Every structure is written in C-alpha cells, then in structure tokens.
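So the structure is just underneath, and the comments pick up after that.
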Amino acid sequence: MPDSTVAIKGVNDGLLITLDPVEEWGLVTAELATHIDEKGAFFNGAEVTLEVGTRPVRKDELTSVKALLERRGMTLFAVSSDSDTTLESAIALDLRVRANSSPPSGAAYEPDALLSFNSEEDGLAGVMIRRTMRSGRSVRSQGHVVIYGDVNAGAEILAAGDVIVWGKLRGNVYAGADGDETAVVCALDMQPTQLRIAGYIAISPPEKRRKPKPEVALIRNDRIVVEDWDG
Amino acid sequence: MGANGGAAAKPQPPRKSATGAKVITVTSGKGGVGKTTTTANIGVALARLDQRVVLIDADLGLRNLDIIMGLENRIVYDLVDVVEGRCKLRQAMIKHKQLPELYLIPAAQTRDKTAVSPADMIKMADQMRPEFDFILIDCPAGIERGFRNAVAPADEVLIVTNPEVSAVRDADRIIGLLEAEGKKTPHLILNRVKTEMIRKGEMLSPEDVTDILAIKLIGIVPEDENVVSSSNSGMPLAFLDGSRAGTAYRNIARRLMGENVPFMQLDDNSGFLKRIQRLFGGQTG
Ligand SMILES: Nc1ncnc2c1ncn2[C@@H]1O[C@H](COP(=O)(O)OP(=O)(O)O)[C@@H](O)[C@H]1O
Ligand SMILES: [Mg+2]
C-alpha cells in the first residue's frame, strides 16, 4: 500500500478494506473515514471485510469501526487478522472471522502467487483447513474450500468455487457464491443444515439412521441434486 | 499422599506441593446446564479425597457458588476486592465449615463485569498454585469477557453439557473457541442423563454427544432430584455417600487425580453400558 494506511478494494461480494497494521489506530480510522467520505455515497450498502494484519484490535476499537462504517451505510461483515486478540474481538461482536495465517496479507487474493509451482494443470486457488470446524466458526474464500475434518452444525463455509469436505458436513455451506452454477459440494457424509449453490438453496431431509457415503451436490435442471460420488 | 480422614479443623502451615495446583475451569457456553453444581461437587469430592482445593466463582454479577456451598453468610471480601487491591487474596478465601482444605473465593455480586481481566485471573491462580492441589473455576455462561477470564489460567477445561441439541451446539462452539486459543483439548461431562429416555430414543445418548463433539468423556452424571435439594441446603451431594449423582461426581474427582475409575453402571442394559465403556476407554475422535 503506497504511503496510505488504508486500502479499499472491491472484491466479488463486497469491499475489502485493508488497514495498516502498525500505524497509530486513531490516525488509521480517521483516514478510513476520510477515504469513504471522499467517495460520497459510492460505498453505500456495501458489506465490508476488514483486514488488519497483525494488529491486535480490542473489542471496543472494533465496535467503533463498525459504528463508523454503519454511519456511512456500510456493514462490517467479516474480519481477517493474524492476531488472536482481533479475532476474539470479532467473535465477541458476532462477526465472521478469517485467521490469516496462510496467504500473507496483501497477497491474499493473488491466486497466481499460490499456483506458481510448475503445474501442468490450471486450477483455482483455495483454502485448506485441516481440522474440524465447530459451531460458530466460518470460512470464506474467493476460490475453493477444502476441509479435512468435519463441518459441525452451526459452522459456515462460503466459497466462490467448490467446497470439498473430507468428513461429515452438518453446517451451512454455500458454493458458487458469486453465481457460478457449475460449483459443486462434496462430502463423505452429506447432511448439511442448508446447502446453497449459486442462486439455489436446499435443505437436508430429516435425519434417519443411514449409512454415510460420499456424495456430491450440484445443479442439474434448475435444482440442486445430490448424487453418490463414485469417481 | 497421607490419608487424613478426620474433618477436624487443625491449624497447620501450608504444605508445599511439588508440582503446584492444577487449574481446572468448568464451562459450557449455555447457562443452566450444571456448571456451578459440577464445580461445587467436584470440589467437595476432591477435598474429601484429601486434596487441597480452592473454588473460584468467576460468574461476576450472578454469584451462586457460595450458596450451593452453604457459605453465603461468611462472605466479607470477593474476587473483585482482591483484584482491585481492597484485600489480600487470603482474606477473600472462605474456609469450608467441614472440610478444612476447601476454600471458596466468591464472585462480586453487583459490580462491573470488566473489573477483572484474564491477566488478573492468571496472576491470582499463580499466586495460589504452590499451596494447593486443585483450583476449580466456575465459569459464567456465554463467550464474552467472563468466559475469557475463567479459561485464561486453566491447565485443563471441563465442558459440561446436557443431552440436548442446543446445549451440545453451545459446547461445540466453546470447544472451537478453546481450539482457536490453543488450549489443550477439553474433557466432557454429560450432566442430567436420563437412561429411561435414552432407551426410548427420546434423548441424545452419550455416544450421540461424543460423536458430535469428538472429545473424551470424563463423567456422566444422571438426572437426580437430590442434586436440587442438596444444593438448596448448601451441602453438595458429593458430601453424602449413596446417591447416584454424588457417586458420579466423586468418580470424576478420582479421574482428575489420575485414577482409572470404571464407569458407573447407569442401568442393567448391557448393550448401553458396553457402548459407554468404549467411549471412555478408547479414543473417541
Ligand atoms: N444432575 C442433575 N440432576 C438434577 N438437577 C440438576 C443436575 N445438575 C444440575 N441440576 C439443576 O440444574 C439447575 C442449573 O444448575 P447450575 O449448576 O446452576 O447450572 P449453571 O451453573 O450451568 O448455570 C440447578 O437448579 C441445579 O440444581
Ligand atoms: Mg452457574
């Protein structure tokens, strides 16, 4: 970010606002307000993901940024950070959180940087999570999401691309969140609370004792269908 | 550890323990599932096993561990008085009537919840560690400041839940938050289990619950109306021998001390019992 402490950029489903992680907080938030106000009503109605890098942001500080955005007709939707303090504050305010450990901030949305291995095949970058996602946790990705673990009821996944769950899927899942109707959701045991692909929504039939099997959900003939996954 | 059967209070200099106290926080997410009851009963059970125990009521504003312990009328100072320097830690520690090695630090009743920070709790626990075997912290419901205060000093966390979908959901949320903080995997106490209802398929079984939460059980406590009457009289059930819930709590205490205690027979349905033993014995994840 060249000599500005605030960067605002449009991402598919809203705005990504990156705040300098070290500059004095008061200055950064003041600059944020100025930036937004300069654009008049341009950002009105936007959903904001706030990226604060390593900065520990207290709950009261986060509350005031949230209010600052709300006064300008915007909603703080998610917070992305390397700091546990910040993530806790976000959780306390019931915001979505994204721990930032894998792609370093700034390069977060540069798929090329992640795919720079000498690969024969093209592909889309994604997020890999190697643990069970428990209630209240969420992941959002501009690419695909892979969970090596379960997705418990109350957890939430949102991906512009596909969602692969190598485990039980019980929570909410949204694939093709930017409208990609070719997106798929796969799970070893498919029983999501709610499943969305692009503009379609499905819910699981009431649970009967059944044998778990790998399945894939996709859009076919204008509705979501779930099929056995047999390679 | 020398046996010390009598409950007669005798003044003695504090023993130094070799390793220091283990700090255990009892939490749940959801309110009313039995955190306070569990803290009181495990505390009493440990003290009856000659352990030196401090109970801390971290539920600021809604204190009730003192009532269940029958110590309400002895409160002079509380947790916030200690943190704000109005008294020494020792002055806020209320000694139990019958069990001379059991103390309670009560919560403040009416003060600001932000009066205590996680760092305060860590400092307080560290101050007590050398002189005790167990420090048990009763956590408030919720996932906010009070929760973070209560888990900050914990070496081990016990999650109390009921066999109900909403309670289990909240327990799952709490486990996720503890994971995010890098805490050791907690243990599970399933409270208010009604075998009759499980057999009829009307209540989640211990197996259903561990299947969702994927953490190890350290106790199953049956629904027992004696819990209510004993709490009302300020004498936690674990004082008395004979009741089922009391025995369950005592077994948890012994497991916390490292003993391998087999699981109580919840009923004579051997299939059910076998499944439970498997849950305790092997890895459940
Ligand atoms: N095993 C049990 N059997 C019957 N009643 C119980 C049992 N455990 C707890 N209770 C009752 O449930 C209520 C809530 O318990 P409490 O320990 O205060 O929960 P919490 O501290 O989690 O809010 C109390 O009335 C208590 O007596
Ligand atoms: Mg309580």
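The values are calculated or read from the model by the stated rules, or taken from the named source; none is laboratory data. On a predicted model such as this, the values are computed, not experimentally measured, just so you know. Using ideal geometry, Cβ is built from the backbone for each residue, glycine included, and neighbour counts are taken over all protein chains shown.
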Filter the range B:29-43 for residues that are part of a loop (DSSP other than H, G, I, E, B) and out of contact with any Phe, Trp or Tyr (no Cβ under 9 Å at 6 or more places or on another chain); which is farthest from ligand 2 (Cβ to nearest atom)?
B:K30
Filtering helices (runs of 4 or more DSSP H) wholly in the range B:120-221 for at least 1 residues that are crowded, with 23+ Cβ neighbours inside 10 Å, touching a residue at least 24 places away in the same chain (Cβ under 8 Å) and of a type outside the set (D, E, K, R) gives B:145-151, B:165-180, B:206-213
Go through the range B:68-79 and report how many residues are under 21 Å from the mean Cα position of the chain (by Cα), more than 12 Å from ligand 1 (Cβ to nearest atom) and assigned to a helix (DSSP H, G or I).
2
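Condition check ((1) within 16 Å of the chain's Cα centre (by Cα); (2) under 24 Å from A:K168 (Cβ atoms)) across all residues:
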position: B:A171; (1), (2): yes, yes
position: B:L178; (1), (2): no, yes
position: B:R199; (1), (2): no, no
position: B:S205; (1), (2): no, yes
position: B:D211; (1), (2): no, yes
position: B:V228; (1), (2): no, no
position: B:T247; (1), (2): yes, no
Kindly indicate whether B:R129 is of a type in the set (K, R) and at pLDDT below 95.
no
Give the residue that is surrounded by the most Cβ atoms within 10 Å (Cβ to Cβ), with candidates limited to residues of the range B:36-67 that are within 10 Å of ligand 1 (Cβ to nearest atom) and among the aliphatic types (A, V, I, L, M).
B:A40
What tally of residues in the range B:71-98 results from selecting those that are within 16 Å of ligand 2 (Cβ to nearest atom) and either surrounded by fewer than 22 Cβ atoms within 10 Å (Cβ to Cβ) or on the phi > 0 side of the Ramachandran plot (or both)?
2
Would you confirm, using the coordinates I've provided, whether B:G142 is modelled with pLDDT under 95 and in contact with a Pro (Cβ under 6 Å, 6 or more places away or on another chain)?
no
From A:R170, A:R131, residue being in contact with a helix residue (DSSP H, G or I) (Cβ under 9 Å, 6 or more places away or on another chain), within 14 Å of another protein chain (Cβ to nearest Cβ) and surrounded by fewer than 19 Cβ atoms within 10 Å (Cβ to Cβ):
A:R131
